[in-house]
Structure formats: structure tokens, C-alpha cells
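K.L.:
First the structure, then my questions, so here it is.
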Amino acid sequence: MTLDSEITQLAGIGPAVAKKFAILGITTLAQLIDYLPRRYEDYSLLTGAGQLKPGPVTIKAKIEHLTGRYVRRGMHITEAIGRDSSGSVRLIWFNQPYRATAIKRDQAYYVSGVYELSHQRFGIMNPSLELVSDFPVNTARILPIYRETKGLTSRQIRAALSQAVPLMAALPETLPAWLVQDQKLLSRASALRAMHFPESSRQLAGAQARLGFEEVFGLALASLLNKRANQHEHALSIPFDEHLARTFVKHLPFQLTDAQRQVIWQIYQDLQKPQPMNRLVEGDVGSGKTVVATMAALMALQQGWQVAFMAPTELLARQHAATVYDLLKPLGLETTVDLLVGSLKPAQKARARAAIASGQAQFIVGTQALIQEKVDLPKLALVVIDEQHRFGVDQRKALQIKAGHMPHVLSLTATPIPRSLALTLYGELDISVLGVKPPGRPPIITEIVSPNSRPQVYAAITQQLAAGRQLFVVCPLISESDTLTVRSAELVYEEMSQKDFKNWRIGLLHGKLKPDAKAAVMAAFVRHELDILVSTTVVEVGVDVPNATVMLLEGAERFGLAQIHQLRGRVGRASHQGYCYLLLSDSKAPSRRLRAVESSNDGFKLAELDLELRGPGAIYGSLQHGQLDLRVAKLSDVKLIASARSAAQDFLDKSENLVHYHELAAQVARLRTVTNLN
Ligand code: ADP
Ligand code: MG
């Protein structure tokens, strides 16, 4: 038998069982060994049969007085007594009639199961039995529990794995020997054997540490290699024009914050290099990222080159185009700005495309899909990506092919990236943090509200409206749902328009509206032709309405932590005090998540917590744990990540060659397409 052998080579696995294994993705022995337990139950401790306490127990006993009988409705009960020198205990099996014949008297068995009360008497229910041996598989050990499928139990999986133990010992090491030694890791062979058949919890922890390290090491190496590859690409070196920068700043209606100055300075350093910049600017909502991006673009425009500014939605693209237009106007550069969005009329689109292709349009604002797929950007020097978490190698390569060189990439995000992720997934990015918001903005007041306090909240809101401010209401759904007791945007809109807020101008915005209808509603709210905007999360990112001071979230328990933080960033963007009300659907106690957003305005802290509670996928949308291949490691494990990251750096510093590490190379190759996120 080899790792490549089919599992049908194992005793007890015929074609029918093999089909079940195939459902779990297991056809070869290598795949079987790679099938890691989901969790463990500890039956390793032996107790005397006369000294049992309720819970999982294991005894070493002889089996006596075996009886089997059918009781009502065809239910079968097998009973027996397990006896050792300390006493005896009742053993009960339900619907396992074969038990009665399979058990040998006068032989010692390991008996593992849950000791509990059944029909007023204590006993061990449905225990597992095995003749005493050096290598029990289903009893008297820390028992692995696997993800099962119909007709295939953990017990059967263990039976298969127990036959593969000799093969596990021969598993090749995948990491460099020096690394295994430096990090005091178990060998891959011992680690996998211990994952399936741990001899102690300490050994199990060692196995998990080894496999977790391997996973994160692969990620870290992938991101470092991506970074290195990026540095070997060619980009247009964009000269810094100090006079231009000063003129731009002079015309701003505000003073740049120190944080903004610093970040802009970093960007200018990057842009002058002939290697592509790959920088992420993280700044809480309202920290002023748009002006930073515009200043970056300025230098490229001055050279006659092109800048693509990609927004996640058409709404935002339109808003950015208007903002950028205003910012560039004092310099006479506003004529270079062109908007490219799906809802343009065919003739307009054709005109925009022609202007872009000729290089006459230089600052192109649009949605990512549109700019990437359908446009020829001959003089592209810089790409700005607003609030998108996916802009990977492939996307950049596509732009490179069109432009003939790699564009500089500047990503903007309001989602703070926890340190652990920054070092692995985002390891290839240079990160700038806009840590300080423009002055004069008091922190937003956030309050969790139970449904019966709605009237008080409405009163507070009415006061704000009367003072000339505006209100966002965000609902988790567009329309009523049969299955959820959540108030939808349509319902809230109707109700507000007819009752408590009938004297105010209310708009409704959601994803099912046509793009121009959406844009019209949004524009009306921006111009203060509407006092209240009821919407779904389409307003989530980037929308800037400085006069809005209240964010009301309906069914707040349905929103993610990072999402709520984003949403509340829509208010309190000017000098007025901002308020965020988290209205619950029912009077259940609020979750730890909600209480965290209520008590903290610190985006980084909230992101760390979200990562811990829900994993990276929850924060970064499309990102799945599966893609990252993390089965053992937790991305909230900062210590593990720091050591894996520095080990990956060592690997490169030692000029190690992946060619010598077959499996590692394959893992890294796959991860390189995943880690390259902005
Ligand atoms: P975000 O970082 O969320 O994208 P924006 O770029 O939309 O933030 O900026 C939010 C608001 O703050 C805008 O109205 C912008 O004009 C304003 N702003 C940006 N920088 C400053 C500053 N240094 N001082 C005062 N207001 C600023
Ligand atoms: Mg923004």
C-alpha cells in the first residue's frame, strides 16, 4: 500500500463504503490521512466501574449478564454489566441487537461512553467496546470526531485510519529541516499520526501547533513572494512636483491633517520609483481618504498620464467623480475627469471610451468591473481602488497588459485590518494608517435600543430633523420576508411616511432600483431635498452627506460588527454631533458583538473582535476560510502569525528554493492567488 493507493485496499471498505468516503472527498489513502478531525472527545482516563461520575467515562472491565430484548414499537435494548475490581456498572445499547452476539465473556474490554441517568438508573449509554490492547481505536483514548456523512460514521473513518498508521509514519517532511528544528515542531509524520490518534492532550497540542504553523507559514511565504515579484515589475516613475502639490493644498477648503500629510508623502515616495506601488491606506470612515487619493493622482495627471479610480458601486463612482472634479477645478485640471458607469447612455459611453482611448480623458472614475473589462487605458499610471477587498494579481496583470507596464496601485479602505491579517494575507502590501480624523468631530454616540423604546428614539430623531439635520435608516432587507421577523426597508418607508414622520421628506433606496433611480434618490438626499433616507446596506461604503447626523439601524442584530462600524461612519462627518441607534428586533439581550460596537469607536479594536468571533470571511466578504486552507490555525493567533512570518522571511533570506519542497511549493503557488488582496 502507498499513499496513492485507493482506500478500497483497506479491509472493510468495499465499493459501497468507498462511495460514502468519496462524498467526503476521500478516494486515496493520502486523502484519508489528510482528513483531519473536527473535534475530540476525551475518553483517555480510566475510572473504576464503581467510582463513575456522570459524563464521558472509560472503564476496563469484563462483560457479564448480556441480554437482549425487543420492547415497544420495535425498539431493541441490549443490556449488560461491566465489572472490574472496584464494582460494576450497567451498560445499555439501543437498537444494536448485534451487540448480544459480538461480545466475548471472560475477556477484558475497554468500555467508553457517557455515564448518565436513564429511566431512573445510572448506566453507560451506547458505549463503545474494544478488547484491551496497546492500540485501542474507539475507546480509552482522546477520540477524534470527524465530519461524517449519511452512512459513514467517525467509527468507520477511524477503522480505516487505524490501518493507515504504518503509512503515516512514512509521510515525508514538507518543511525545511532547519525550520522544524528552530521552531521545535513535530515532524509532519508524527503530527498527522497524533491528529488522528493522539496519545495525550499535550501531544495533540503539539500536532496542532505543527500543522497550524505549516498553514500560516505557507500564507506568509506566499505574500512575501508576491511582494518580491511586484518589486520586479516595471512601472512609470511619476515625478513629484512640489509646486503643484502646494497649489492644490492652498485651494482646499480645509487644512490637511498631519496624518494625511504623512500618508501623501509616503505615496509620493512610492510613485517616484520605477517599481509599482502597492499601498493600502486604512482610515476610519470620514478620515479623508479621497483627498489623499486625489493628491496622488495629481502628479500623474501633470505628466499627461491616466488614473483609474474604481469605486464599488455606481453611486459612489458618481459621488467621487463630483468630489474629484471640485478638488481639481482650482488647478484647471477638472477637464481631465471622466465618468464611466453602466447607466450611461450608449452614446455617452462610446464618447467616454473614445476619450479614454485617446488619452484625452485622464482621470477616469467608474466601477471596477467597467474599467477593468471594457476599457483601453493606454497611458495608465495609477489605479485607485476604493473599498474593495479583492484586487489581486490577475486584475493587476490585466491592466498591465493593456498599459504595457504595471500601474501603481493605491487601495483605500475603512475596514481596519487586524495586525495578524496585515502580516499574512496582506503581507505584500505597504500599509499606511490614517489614524487621526480631521479635527472638530466629536465621537459618534451609539446606543442599543430595545423595540419598546422606539418612541423615545423617534422623539430624539425628530429634534435632529427640526434642527435641519438628516437621518439615515438602514434595514437588513428590501421587502418583507416570510421567515424573518425583521422590518424591511419598504415597510419602514411606508410606516414612517404615513405615521411619525409624515411631515418630513422621505426617500427609499435599495439594490433593486435601476441605477439612475438610485442615483436620483441619493442625489436628492445629498442636496437635502430629502430629510430621511430609508435604505438597505447599499449606503454602506463611502457615501458622504455631512449634514446627516443620525443613523438608525433596524434589526441591528443582523448586521456584522465591521458593517455597523462602517454604517455609523456615514454620520457625524461634519462638526455636528453624530448618533447611531441600534434598534433590536426583539427584547432579547444584545449580543457581545453589539455591546462592543456600542462601547467602542475604535475600528481596529472592533475588527480584532470580529476576527476572533467570526473569522476573516465575515470581515472580508468573499474571503473563505477554505480558500486560505486554514484547518488548524486561527488567524487571530498573533503569536503564531508573527513567528510564521519571520520564518518565511528567514526562508527567503537563506535563499532557500521552493523547488526542493514539493508540497510546500504547491501550497504556496495556490495561496499566492489568494493572499494578493487589497
Ligand atoms: P473617507 O476616508 O471616509 O473616504 P472622505 O474622503 O469622504 O472620507 O472625507 C470625509 C469628509 O471629510 C469629506 O467631506 C472631506 O471633504 C472632509 N475632509 C477631508 N480631509 C479633511 C481635513 N483635513 N479637514 C477637514 N475636513 C476634511
Ligand atoms: Mg471614502
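K.L.:
Determine whether residue 58 is outside any helix (DSSP H, G or I), in the same structural domain as residue 114 (by TED's automatic domain parsing), loosely packed, with under 13 Cβ neighbours inside 10 Å and among the hydroxyl-bearing types (Ser, Thr, Tyr).
P.N.:
no
K.L.:
Looking at residue 549 and the list (1) modelled with pLDDT of 90 or more; (2) among the β-branched types (Val, Ile, Thr); (3) within 16 Å of ligand 2 (Cβ to nearest atom), which single condition is not satisfied?
P.N.:
Just one mismatch for residue 549, condition (3).
K.L.:
Which one of the conditions (1) surrounded by 24 or more Cβ atoms within 10 Å (Cβ to Cβ); (2) of a type in the set (S, T, N, Q); (3) under 24 Å from residue 367 (Cα atoms) does residue 223 fail to meet, given that it meets all the rest?
P.N.:
Here residue 223 meets the rest and fails (3).
K.L.:
Another question, if that's okay. What's the total number of residues in segment 427-467 that are surrounded by fewer than 16 Cβ atoms within 10 Å (Cβ to Cβ) and acidic (Asp, Glu)?
P.N.:
The number of residues fulfilling the criteria is 2.
K.L.:
Do we have any residue at all in segment 210-232 that's away from ligand 1 (no atom under 16 Å from the Cβ) and in the same structural domain as residue 364 (by TED's automatic domain parsing)?
P.N.:
No, the conditions are met nowhere in segment 210-232.
K.L.:
So which of 290, 336, 323, 294 ends up being more than 14 Å from ligand 1 (Cβ to nearest atom) and of a type outside the set (D, E, K, R)?
P.N.:
Only one candidate passes the filter, namely 336.
K.L.:
Something else: When only residues in segment 286-324 that are within 22 Å of residue 518 (Cα to Cα) and part of a loop (DSSP other than H, G, I, E, B) count, which is farthest from ligand 2 (Cβ to nearest atom)?
P.N.:
Looking at residues that are within 22 Å of residue 518 (Cα to Cα) and part of a loop (DSSP other than H, G, I, E, B), I get 313.
K.L.:
Pick from 380, 344, 331: which is without any contact (Cβ under 8 Å) to a residue 24 or more places away in the chain and in contact with a helix residue (DSSP H, G or I) (Cβ under 9 Å, 6 or more places away or on another chain)?
P.N.:
344
K.L.:
Oh, and also: What number of residues within segment 120-144 are under 17 Å from residue 198 (Cβ atoms) and surrounded by 15 or more Cβ atoms within 10 Å (Cβ to Cβ)?
P.N.:
Number of matching residues: 11.
K.L.:
Moving on to the next point. Does residue 381 qualify as being more than 16 Å from ligand 2 (Cβ to nearest atom), closer than 26 Å to residue 306 by Cβ, of a type outside the set (Phe, Trp, Tyr) and at pLDDT 90 or above?
P.N.:
Yes.
K.L.:
Yes or no: residue 489 over 30 Å from residue 267 (Cβ atoms), touching a residue at least 24 places away in the same chain (Cβ under 8 Å), crowded, with 19+ Cβ neighbours inside 10 Å and small (Gly, Ala, Ser)?
P.N.:
yes
K.L.:
Please go through segment 445-495 and give me each residue that is farther than 14 Å from residue 551 by Cα and either in contact with a helix residue (DSSP H, G or I) (Cβ under 9 Å, 6 or more places away or on another chain) or not assigned by TED's automatic domain parsing to the domain that holds residue 521 (or both), ordered by number.
P.N.:
Those that are farther than 14 Å from residue 551 by Cα and either in contact with a helix residue (DSSP H, G or I) (Cβ under 9 Å, 6 or more places away or on another chain) or not assigned by TED's automatic domain parsing to the domain that holds residue 521 (or both): 477, 478, 479, 480, 484, 486, 487.
K.L.:
Related question: On the given criteria, is residue 124 among the β-branched types (Val, Ile, Thr) and either touching a residue at least 60 places away in the same chain (Cβ under 8 Å) or on the phi > 0 side of the Ramachandran plot (or both)?
P.N.:
Yes; evaluated as a whole, the condition is true for this residue.
Matching residues to (1) modelled with pLDDT of 90 or more; (2) out of contact with any Gly (no Cβ under 8 Å at 6 or more places or on another chain):
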site: 280; (1), (2): yes, yes
site: 285; (1), (2): no, no
site: 295; (1), (2): yes, yes
site: 299; (1), (2): yes, yes
site: 308; (1), (2): yes, no
site: 312; (1), (2): no, no
site: 315; (1), (2): no, yes
site: 318; (1), (2): no, yes
site: 344; (1), (2): no, yes
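K.L.:
Looking at segment 384-415 only, could you name the residues that are among the hydrophobic types (A, V, I, L, M, F, W, C), more than 20 Å from the chain's Cα centre (by Cα) and at pLDDT 80 or above?
P.N.:
384, 406, 409, 410 - these are the residues of segment 384-415 that are among the hydrophobic types (A, V, I, L, M, F, W, C), more than 20 Å from the chain's Cα centre (by Cα) and at pLDDT 80 or above.
K.L.:
Looking at segment 241-262, I want the residues that are within 14 Å of residue 289 (Cβ to Cβ) and of a type outside the set (A, V, I, L, M) and have a partner that is outside any helix (DSSP H, G or I) and within 13 Å of ligand 1 (Cβ to nearest atom) with Cβ atoms under 6 Å, at least 6 apart or on another chain. Which pairs are those?
P.N.:
Close Cβ pairs (under 6 Å, with a partner that is outside any helix (DSSP H, G or I) and within 13 Å of ligand 1 (Cβ to nearest atom)) amount to 257/436; 257/438; 260/288.
K.L.:
In segment 595-647, which residue that is within 20 Å of residue 387 (Cβ to Cβ) and among the β-branched types (Val, Ile, Thr) is modelled with the highest pLDDT?
P.N.:
597
K.L.:
Assuming residue 222 fulfils every condition listed in (1) in contact (Cβ under 8 Å) with a residue 40 or more places away in the chain; (2) outside any helix (DSSP H, G or I); (3) more than 16 Å from ligand 2 (Cβ to nearest atom) apart from one, which condition is it?
P.N.:
Of the numbered conditions (1) in contact (Cβ under 8 Å) with a residue 40 or more places away in the chain; (2) outside any helix (DSSP H, G or I); (3) more than 16 Å from ligand 2 (Cβ to nearest atom), the odd one out for residue 222 is (2).
K.L.:
While we're here: For segment 136-177, which positions are part of a loop (DSSP other than H, G, I, E, B), within 18 Å of residue 57 (Cα to Cα) and among the hydrophobic types (A, V, I, L, M, F, W, C)?
P.N.:
Once the filter is applied, which keeps residues that are part of a loop (DSSP other than H, G, I, E, B), within 18 Å of residue 57 (Cα to Cα) and among the hydrophobic types (A, V, I, L, M, F, W, C), segment 136-177 yields 137, 140.
K.L.:
What residue, of 329, 250, 273, is more than 21 Å from residue 387 (Cα to Cα), more than 15 Å from ligand 1 (Cβ to nearest atom) and charged (D, E, K, R)?
P.N.:
Answer to the selection: 273.
K.L.:
Now for a different question. Looking at (1) within 30 Å of residue 444 (Cβ to Cβ); (2) away from ligand 2 (no atom under 16 Å from the Cβ), which is the only condition residue 240 fails?
P.N.:
Among (1) within 30 Å of residue 444 (Cβ to Cβ); (2) away from ligand 2 (no atom under 16 Å from the Cβ), the lone unmet condition for residue 240 is (1).
K.L.:
Keeping to segment 396-453, report how many residues are closer than 30 Å to residue 378 by Cβ, in contact with a Pro (Cβ under 6 Å, 6 or more places away or on another chain) and among the hydrophobic types (A, V, I, L, M, F, W, C).
P.N.:
Matching residues across segment 396-453 total 2.
The values are calculated or read from the model by the stated rules, or taken from the named source; none is laboratory data. Please read all numbers here as calculations on a predicted model, not as lab measurements. All Cβ positions, glycine included, derive from the backbone under ideal geometry; neighbour counts span all protein chains shown.
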